[in-house]
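Peer 1: If you scroll down you'll find the structure; I have some questions about it.
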């Protein structure tokens, strides 16, 4: 395994400006994305009141079913004894979801170690599982490579309705069948059997999407002592009761703060990604198993276009006595993380950081300060087959991903193998056809203007037939040179799938399949520099 680091320009202007320290975006954050701010933030956290014993017991109870490693026990003790945390989070995707889930966990582990050394104090990595999320369509799919092209394999999730990832009881038979189909699409290797058995063992022990996700997260990171918690944990919700009360009481001010920030961001040339509304309560409530977004309507909180309604006092009573019915949205979730944990730094992806850009005023409303917001480490894994193809065609990762050289090579190959004489015959026939039909149209129009559309339609029919011939000619030429075209397709699919980063598309499992289950363990042995470079890892 070899590590290469290089800067790749982010897709969004906001992210590019943020990681490069531009003042016009940094004003929306309490700190810039730099380890230089650890000391200052650590001083602020000394005033952060957290019931560490209680939160520690909640973490321990949630983690116990998967087994708590010696390192995790040490981190729990460190937290209870005053250690700050570096936190990240993600939805409970199947097989951990996209690779960036694993990259986030690696990021908080790497950053916590760096902060611990820099501050000469214990710093603990924490993963916040967004089990409250009910948009199961976002987590119920996997991408696979089929004949050098990307294929999305969707899992049927309609039967779960509006249940969240933590409350939806898995239909084991259907999930088992779905994953079997997915694993069959992977090549058979010396690691396939163990990988298959490991995944299905965790599935068999899970009741929900979140259970399955947490078991895999623990498996990959237990030796690093990664702590993790489900945002939908009933025990955590009870602990959060007073925080929900504050969010309800401050809901109007919170909405106003987000709107003001987004208006300013737009004036600065950025996008308003939250698209906040003045009536937003920025909280969900569960009613008869359905998670419903609340809005303020005068003195009431309503949802489902008025189908459910609560007075302020009724909602406050729910917060105090049944907090498990409430959950956060993208605006209040960062607040809740900060209230529950003494967060030294939050690690997020580009989309999350765009949300956070609108939240500084929200933290101020709650008399809080934003933690340091750090971009997660971006990574691309390059397997042996792709490495061989890169060498064969004398390509670098940057040339493939940034300079789009593969497209140039494909076009050059196509130009070199084209049957130009046959193409010329088809094109010449088309020109002659159009000329003759022009004469036909003049003749027919002289008889009746109503015949003109018929002539045009007839010409279109013959033109389509000629285009069909041309396409078939091209297909045959490509087929005769399919090996090279397949190579180009495979390189792009692996390193730039669907014009995207690999980590946003593929699950870790295709790479576990060719490398072995120690992949994540070996990734953590690499000497990552926590900076703005992209990490290219040659397996």
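Peer 1: In segment 160-171, is there at least one residue being at pLDDT 85 or above and more than 21 Å from residue 230 (Cα to Cα)? Working first, answer last.
Peer 2: Pass one, segment 160-171, residues at pLDDT 85 or above: 160, 163-171.
Checking the rest, the ones that are also more than 21 Å from residue 230 (Cα to Cα) come to none.
Scanning segment 160-171 turns up no residue that is at pLDDT 85 or above and more than 21 Å from residue 230 (Cα to Cα).
Peer 1: Could you check segment 36-51 and list, in sequence order, the residues that are in contact with a helix residue (DSSP H, G or I) (Cβ under 8 Å, 6 or more places away or on another chain) and surrounded by fewer than 17 Cβ atoms within 10 Å (Cβ to Cβ)? Write out each step before concluding.
Peer 2: Within segment 36-51, the subset in contact with a helix residue (DSSP H, G or I) (Cβ under 8 Å, 6 or more places away or on another chain) is 38-39, 42, 50-51.
Hits for segment 36-51 are 39, 51.
Peer 1: Among the residues of segment 287-300 satisfying the criterion of being in contact (Cβ under 8 Å) with a residue 60 or more places away in the chain and out of contact with any strand residue (DSSP E or B) (no Cβ under 7 Å at 6 or more places or on another chain), which is surrounded by the fewest Cβ atoms within 10 Å (Cβ to Cβ)?
Peer 2: The qualifying residue surrounded by the fewest Cβ atoms within 10 Å (Cβ to Cβ) is 289.
Peer 1: In addition: Among the residues of segment 493-518 satisfying the criterion of being in contact (Cβ under 8 Å) with a residue 12 or more places away in the chain, at negative phi and more than 19 Å from the chain's Cα centre (by Cα), which is surrounded by the fewest Cβ atoms within 10 Å (Cβ to Cβ)?
Peer 2: Filtering segment 493-518 down to residues in contact (Cβ under 8 Å) with a residue 12 or more places away in the chain leaves 493-498, 501-517.
Filter again for at negative phi, leaving 493-497, 501-515, 517.
Restricting the remaining residues to those that are more than 19 Å from the chain's Cα centre (by Cα) gives 512-515, 517.
On the way: 512: 23, 513: 22, 514: 19, 515: 20, 517: 14.
Once the filter is applied, the top-ranked residue is 517.
Peer 1: So is residue 231 farther than 29 Å from residue 332 by Cα, surrounded by 21 or more Cβ atoms within 10 Å (Cβ to Cβ) and in contact (Cβ under 8 Å) with a residue 60 or more places away in the chain or not?
Peer 2: Details: farther than 29 Å from residue 332 by Cα: no; surrounded by 21 or more Cβ atoms within 10 Å (Cβ to Cβ): yes; in contact (Cβ under 8 Å) with a residue 60 or more places away in the chain: yes.
The answer is no for residue 231.
Peer 1: Select, from 373, 362, the only residue that is modelled with pLDDT of 95 or more, touching a strand residue (DSSP E or B) at 6+ places or on another chain (Cβ under 6 Å) and either within 24 Å of residue 520 (Cα to Cα) or assigned by TED's automatic domain parsing to the domain that holds residue 54 (or both). Full working, then the answer.
Peer 2: Details: 362 fails: touching a strand residue (DSSP E or B) at 6+ places or on another chain (Cβ under 6 Å).
Selected residue: 373, the only one of 373, 362 that is modelled with pLDDT of 95 or more, touching a strand residue (DSSP E or B) at 6+ places or on another chain (Cβ under 6 Å) and either within 24 Å of residue 520 (Cα to Cα) or assigned by TED's automatic domain parsing to the domain that holds residue 54 (or both).
Peer 1: Got at least one residue in segment 82-93 being surrounded by fewer than 20 Cβ atoms within 10 Å (Cβ to Cβ), out of contact with any helix residue (DSSP H, G or I) (no Cβ under 9 Å at 6 or more places or on another chain) and in a loop (DSSP other than H, G, I, E, B)?
Peer 2: So far as segment 82-93 goes, no, none of its residues is surrounded by fewer than 20 Cβ atoms within 10 Å (Cβ to Cβ), out of contact with any helix residue (DSSP H, G or I) (no Cβ under 9 Å at 6 or more places or on another chain) and in a loop (DSSP other than H, G, I, E, B).
Peer 1: Does segment 446-454 contain at least one residue that is part of a helix (DSSP H, G or I), free of Cβ contacts under 8 Å to residues at least 24 places away in the same chain, over 23 Å from residue 468 (Cα atoms) and in contact with a helix residue (DSSP H, G or I) (Cβ under 8 Å, 6 or more places away or on another chain)? Reasoning before the result, please.
Peer 2: We begin by selecting, within segment 446-454, every residue part of a helix (DSSP H, G or I); these are 446-447, 449-454.
Checking which are free of Cβ contacts under 8 Å to residues at least 24 places away in the same chain leaves us with 446-447, 449-454.
If we keep only those that are over 23 Å from residue 468 (Cα atoms) too, we end up with 446-447, 449-452.
Then keep just the ones that are in contact with a helix residue (DSSP H, G or I) (Cβ under 8 Å, 6 or more places away or on another chain); that gives 451-452.
Yes, segment 446-454 has at least one match.
Peer 1: In the list 105, 115, which residue meets the criterion of being within 21 Å of residue 369 (Cβ to Cβ) and either surrounded by 16 or more Cβ atoms within 10 Å (Cβ to Cβ) or modelled with pLDDT under 95 (or both)? Even if it seems obvious, please write down each step before you answer.
Peer 2: On the way: 105 fails: within 21 Å of residue 369 (Cβ to Cβ).
Result: 115 is the single residue among 105, 115 that is within 21 Å of residue 369 (Cβ to Cβ) and either surrounded by 16 or more Cβ atoms within 10 Å (Cβ to Cβ) or modelled with pLDDT under 95 (or both).
Peer 1: Only one of 202, 244, 212 is surrounded by 14 or more Cβ atoms within 10 Å (Cβ to Cβ) and either assigned to a strand (DSSP E or B) or within 21 Å of the chain's Cα centre (by Cα) (or both); which?
Peer 2: Values: 202 fails: either assigned to a strand (DSSP E or B) or within 21 Å of the chain's Cα centre (by Cα) (or both); 244 fails: either assigned to a strand (DSSP E or B) or within 21 Å of the chain's Cα centre (by Cα) (or both).
The unique qualifying residue is 212.
Peer 1: Same structure, new question: Can you list the helices (runs of 4 or more DSSP H) found entirely within segment 1-78 that contain at least 3 residues being within 22 Å of residue 362 (Cα to Cα) and within 27 Å of the chain's Cα centre (by Cα)? Before the answer, list the steps.
Peer 2: Numbers: elements: 13-19, 23-26, 38-45, 52-63.
Those helices (runs of 4 or more DSSP H) span 13-19, 23-26.
The values are calculated or read from the model by the stated rules, or taken from the named source; none is laboratory data. Quantities reported herein were computed from a predicted structural model and do not represent experimental measurements. Because the Cβ atoms are built from the backbone with ideal geometry, glycine has one as well, and the counts that use them run over all protein chains shown.
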